[in-house]
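J.: Below you will find the structure I want to go over with you.
The values are calculated or read from the model by the stated rules, or taken from the named source; none is laboratory data. All of these numbers come straight from a predicted model, not from anything done at the bench. Methodologically, a virtual Cβ is constructed for each residue, glycine included, from the backbone with ideal geometry; neighbour enumeration extends over all protein chains shown. Protein only, heavy atoms only, side chains kept; ligands, DNA and RNA dropped before computing areas. Shrake-Rupley method; radii C 1.70, N 1.55, O 1.52, S 1.80 Å.
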Amino acid sequence: MTYSRIVGTGRHLPERIMTNADLEKIVETSDEWIRTRTGVERRHVAGEDDTTSDLCVAAAKKAMAAAQVSVEDIDLIVIGTTTPDLIFPNIATLVQEKMGIHGCPAFSIEAACTGFIYALTTADKFITTGTSKCALVIGAEVITKLVDWSDRTTCVLFGDGAGAVILQPAEEQGIISCHLGADGQYRDLLYYPVGAGSQLEKAGIVEEAKILMKGNEVFKVAVKTLGGVATEALEANGISKDELDWLIPHQANLRIIQATAKRLGMPLEKVILTVQDHGNTSAASVPMALDVGVRDGRIKRGQLLLLEAFGGGFTWGAVLLRY
Ligand code: UT7
């Protein structure tokens, strides 16, 4: 049996850091509120000229160096993002062009914060069916560009960044199983009302360009759904919670992560946490957390990892893999 296996990881964060103290100067908030309600202490914010594709390229180069592959080896690019540079050409082709890669399929997937999990799942199918031999998979966002900096209920949450992995075929176990889900009935709990859709003018919301979120309600569904999809991934493979070495969750809120870990009976020592340093970077959060764990030596070859995410739509997903 052929598996797809992660052979290299990389991340890139914009230079500018905004601390909670910086936010105290902009909106009526406090470091104490942000820390205790979200776990966020600082976040990286893209500069005016930084594009999502720039962040992607920087992260991709690091992942390719770690995997010891060159641009000639890449035969698939899949990017999960909600903040592409343009509506079209799709961002994966922009990254392809910036990196000097030619000819291979390149496309993006929009599943909000679950974008990377959807992208990884898709690339896994390309590899395991023999269609691709070396996939570049990225989760990236400049989500702060969608933020209303006068809305304290959302602007304290988000940050920008990109995380990338290289996937290749392997005979030994890599990705074991992928579990995706979505339910559009929750569309109004978390969304950004401006896009290319013709419904916007009709609805009279063209000017309302900011992230709209019913945080409390999102929180409750997130905890329940993340616990559910994690259990689904373990049960599908007859693996018990104790066998997991690392949980690598979407980093939306420390309290959501704690609740999910508790449901799984996992101590926080077995969870890779970046929310304090990155904030919620949407589709970038899981691959960046993976890279943090790999590069600081906590995640080791052969260990069992559960990646999971939840986002607007709602969308959700989990990937169980042996690193
Ligand atoms: O990534 C995709 C998925 N997204 C998520 O998973 C986010 C899920 N939701 C959350 O993480 C949390 O709901 C939030 C962090 C967004 C909010 O935390 P909360 O504990 O649910 O707070 P809340 O919305 O119930 O607000 C509590 C109070 C309110 O004041 P009152 O009405 O009790 O007087 C808010 O106005 O906190 C107030 N508040 C703030 N105060 C200081 C809201 N934002 C702030 C702020 N600083 N930044």
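J.: Going highest first, how would you order 302-309, 124-131 by mean Cβ packing within 10 Å? The partial results should precede the final answer.
T.: Working: 302-309: 21.2, 124-131: 16.5.
Listed from highest to lowest mean packing, they are 302-309, 124-131.
J.: Related question: Give the residue from LEU94, LEU120, GLY227 lying farthest towards the positive end of the charge dipole for the chain; charges sit on Cβ (+1 for Lys and Arg, -1 for Asp and Glu) and the dipole is referred to the Cα centre.
T.: GLY227
J.: Can I ask one more? Put +1 on the Cβ of each Lys and Arg and -1 on the Cβ of each Asp and Glu in the chain; which of ALA65, PRO14, GLY293 then has its Cα farthest toward the positive end of the dipole?
T.: Checking the options against the dipole of the chain, the answer is GLY293.
J.: Order the peptides 209-217, 279-287 from the highest to the lowest mean number of other Cβ atoms within 10 Å of their residues.
T.: Highest-to-lowest ranking by the protection proxy: 279-287, 209-217.
J.: Based solely on its DSSP helices, what 222 nm [θ] is calculated for the chain when runs of n ≥ 4 H residues each add -39,500 (n - 2.57) and the sum is averaged over all residues, nearest 500 deg cm²/dmol? Mind dumping the intermediate values first?
T.: Working: 11 runs with 109 residues, N = 323.
Calculated from helices alone, the mean residue ellipticity at 222 nm is -10000 deg cm²/dmol.
J.: I'd like the per residue volume of the convex hull spanned by the Cα atoms of region 110-167, given in cubic angstrom.
T.: Details: hull volume 4.2 nm³, N = 58.
About 73 Å³ per residue, rounded to a whole number.
J.: In addition: Taking the highest mean first, how do the peptides 133-139, 3-9, 175-181 order by number of other beta carbon atoms within 10 angstrom per residue? If you can, show how the numbers build up before the last one.
T.: Numbers: 133-139: 27.9, 3-9: 22.3, 175-181: 18.7.
Result, highest mean Cβ count within 10 Å first: 133-139, 3-9, 175-181.
J.: Based on alpha-carbon positions alone, could you give the equivalent ellipsoid semi-axes of the chain from the gyration tensor, as √(5λ), descending, whole Å?
T.: 28, 24, 19
J.: Further, regarding this structure: Have a look at GLY174, SER282, ALA106 and report the one farthest towards the positive end of the charge dipole of the chain, computed about the Cα centre with Cβ charges (Lys/Arg +1, Asp/Glu -1).
T.: GLY174
J.: In terms of solvent-accessible area of protein heavy atoms at a 1.4 angstrom probe, what is the ranking of VAL194, VAL40, VAL69, highest value first?
T.: Heavy-atom accessible area, descending, gives VAL194, VAL69, VAL40.
J.: Would you mind getting me the FRET efficiency between ARG301 and ASP188? Use the beta-carbon distance for r and R0 = 35 Å, nearest 0.05.
T.: Once rounded, the FRET efficiency stands at 0.20.
J.: Label-point separation (nm) for GLN173 and LYS224, each offset 7 Å from Cα along Cα-to-Cβ?
T.: It works out to 3.2 nm between the two label points.
J.: At ILE26 and THR131, where each label point lies 7 Å from the Cα along Cα→Cβ, what is the point-to-point distance in nanometres?
T.: A separation of 4.0 nm, rounded to one decimal place.
J.: Order LYS300, LYS224 by their accessible area, 1.4 angstrom probe, all chains in place, largest first. Working shown, then result.
T.: Numbers: LYS300 110, LYS224 140 Å².
Output order, biggest surface exposure first: LYS224, LYS300.
J.: If you look at just the Cα atoms of region 1-149, how large are its Rg and its Dmax in Å?
T.: Using the Cα atoms of region 1-149, the pair Rg, Dmax is 17.3, 56 Å.
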